[in-house]
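None of the figures in this text is laboratory data; all of them are computed from the coordinates on show. Fair warning: this is a prediction, and the values are worked out from it, not measured in the lab. As a convention, Cβ positions derive from the backbone with ideal geometry for all residues, glycine included, and neighbour counts pool all protein chains shown.
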Amino acid sequence: MDMKTIFSSKLIEAVRYSGLSYAELAKKLNITKATMSMYKHGKALPSLETFYLICEYLDVSADFLLGKKEL
């Protein structure tokens, strides 16, 4: 699998367990819902800063979002 696909599947999993909606997460990250949708559907990857914030807000490790570890 390519990195966009891996990140997308892990993002979906992390959001499911977080209790946040995609819209709430997008607002916290200061990105549009369209950008969040691109991450969710494997069409784009976040910047390093946004990636870090996703880890923080979803309380997951970078290794998890990169497919290196499980929850």
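Odds and ends about this structure:
- Split the chain at each of the trypsin sites (Lys or Arg not before Pro) in a DSSP loop with at most 14 other beta carbon atoms within 10 Å, and the longest piece is 1-42.
- The largest-to-smallest principal axis extents of the Cα set in the range 6-71 are 28, 23, 19 Å.
- One chain, two ends: Thr35 and Ser21. Fully extended at 0.36 nm per residue, the span grows by 3.6 nm beyond their Cα-Cα distance.
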